[in-house]
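Laboratory data are not the source of any read-out in this text; all were calculated from the coordinates shown. Treat the numbers as computed from the prediction; the structure is a model and nothing was measured. Because the Cβ atoms are built from the backbone with ideal geometry, glycine has one as well, and the counts that use them run over all protein chains shown.
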Amino acid sequence: MRIILTTALLLISFASPAARSQKKLTQNTLAISEVTVIDATGAAAKPQMTVIITGDRITEIGKPGEVAIPKNAQLIDGKGKFLIPGLWDMHVHTLFESRLESFFPMFIANGVTGVRDMGGETGILKQVRKDISEGRRLGPRIVAGQMVDGPIPVWPGHTISVSDEASARQAVASFGDRADFIKVYSLIPRPAYFALADEAKKRGITFAGHVPFSVSAAEASDAGQKSIEHLEGVLLACSAIEPELRKNIAEAIKDAKDTDQMRAALVRVLTETEIRALDSYSEEKAAALFARFAKNGTWQAPTLVVARVGALLDDPNFTNDPRLKYVRPGLRDAWKNKDDFRVQNRTAEIIKYGRVQFEKKLEIVKAMHRAGVKILAASDALVMYVFPGFSLHDELELFVKAGLSPMEALQTATRNPAAYLGLSDTLGTVEPGKKADLVLLEANPLENISNTKRITAVIVGGRLIPKASLEKMLKDAEGETIRN
């Protein structure tokens, strides 16, 4: 495996162990002057601030004259610039050895300094995190999950299969240190799901993910599932005919003998089910469900960018995205050819309802937010037309379109992930004592959330990556796709 030697890697700490030790001893200092701080706490922007970073921590923030700039500090002119916390993408799929070299720098170049990987090769997790922390690989902080699914899993090869209560409890008991949490998937049988939930709670292990078809979204929330991805199960739970639709799904998949048969059955029944769920949407049921989520503390990672794919997949203006240059040819061709089993054989009716469903999901996010449900920014990179790093900014734009304020949208990728992960003491906001994962912007994201894309520098653990290095990282990522 070839390591990409970018300028940024050289800047960050691609050096000998002795040199790295010396850096730790001397604790490099950065000073950002006259910058507007948007700390993501919800407070108003603070103009003309001086921010001091010592080692990997923010040590001081204040007005000129209140904060002295250390003589040995590397000075960064923040005049006209805006400082925000490093961004988190709370649903990605990038822990695959062949993908790391090009995709990790794409996150950093887009200001994404942390990711929650929802299922990949967790066996490489420990080494990858060690490589990043010691400067041998450039990448974001990683929290990763181990996928658990039913006896015929949708994604064999990266999944622990469970079929009953005993196997579910055994899966949790053998969890060990292979990952940070359990990702539950769609085909876990009902007894197995509740056994897994019970065993996970006993052992203090977080479980999150899809709502299996065998349980309702309300039941998953009551069982302690920490987050629901893609609004899975939510439309179904808001249907006035939910019991009938859930029965139809169970009947459609009960005779599947292997993964191919299961996938084919799911595509058929879920397409019909989603159309009927939209047509039978109950505002009363929705309000009760969202109140339940808020009461139980069930987070939502809507991945609206994925719903948008379903709405726009047949629009050439969407599928000719210039960011395709960062995607390796094999994957790019699979997207264009619609090889994914979930989008094959699209009819005019399916296309129509894909657009209706996307608009409905925007409404649902707005209603959830108003009900006090906690929201996480998440992209689901690398599904079709979801680009590592880039698409997180698209998700923030969609949150604003759904009705969140720019500050609230920004918090879904900063303060909220830190709270979800139990890391609020060290990450998520721009405050003294916090880890120095920061993004320096050329324009104010509170005026236009799209300004989160206008990045002039990224600071990762107190280490500065200037704009020229970020641009080179993206150029290297583009070159990697050409070579592959």
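Quick notes on this structure:
- Residues Leu474, Leu75, arranged from fewest to most other Cβ atoms within 10 angstrom of their Cβ, appear as Leu75, Leu474.
- Under a model in which nothing but the beta-carbon of Lys, Arg (+1) and Asp, Glu (-1) is charged, the chain shows a dipole of about 1140 debye around its Cα centre.
- Fraction of antiparallel bridges per DSSP, the chain only, in percent to nearest 5: 45 percent
- For the stretch 165-298: rounded, prolate or oblate by the Cα gyration tensor [a/c cutoff 1.5]: oblate
- Helix-only mean residue ellipticity at 222 nm for the chain, each DSSP H run of n ≥ 4 adding -39500 (n - 2.57), per residue, nearest 500: -12500 deg cm²/dmol
- For the stretch 26-117, with +1 on Lys and Arg beta carbons and -1 on Asp and Glu, the positive-most of Ser33, Pro105, Leu83 along the dipole: Ser33
- Calculated FRET efficiency for the pair Leu324/Arg346, C-beta based, R₀ 22 Å, to 0.05: 0.65
- Taking other C-beta atoms within 10 Å as the exposure proxy, Ser174, Ser379, Ser239 rank Ser174, Ser239, Ser379 from fewest upward.
- Shape call, the stretch 87-427: gyration tensor on alpha carbons, a/c limit 1.5: rounded
- Using the Cβ-Cβ distance between Glu283 and Ala250 with R0 set to 35 Å, the FRET efficiency works out to roughly 0.85.
- Using the empirical formula 2.2 N^0.38 Å as the baseline, the Cα radius of gyration of the stretch 428-484 reaches a ratio of 1.37.
- Cross-link pairs exceeding 31 Å between alpha carbons, from the set Lys226/Lys401; Lys126/Lys295; Lys226/Lys472; Lys434/Lys472: Lys126/Lys295; Lys226/Lys472.
- Pairwise alpha-carbon distances in the stretch 333-465 exceed 24 Å for 41% of all pairs.
- Couplings 3J(HN,Hα) of the stretch 256-269, computed from phi: 5, 9, 8, 4, 4, 5, 5, 4, 4, 5, 5, 4, 4, 6 Hz, in residue order, whole Hz [Karplus 6.51 cos²θ - 1.76 cosθ + 1.60, θ = phi - 60°; x for Gly and Pro].
- Here each label is just a point 7 Å from Cα along the line to Cβ, and for Arg268 and Glu363 those points are 3.1 nm apart.
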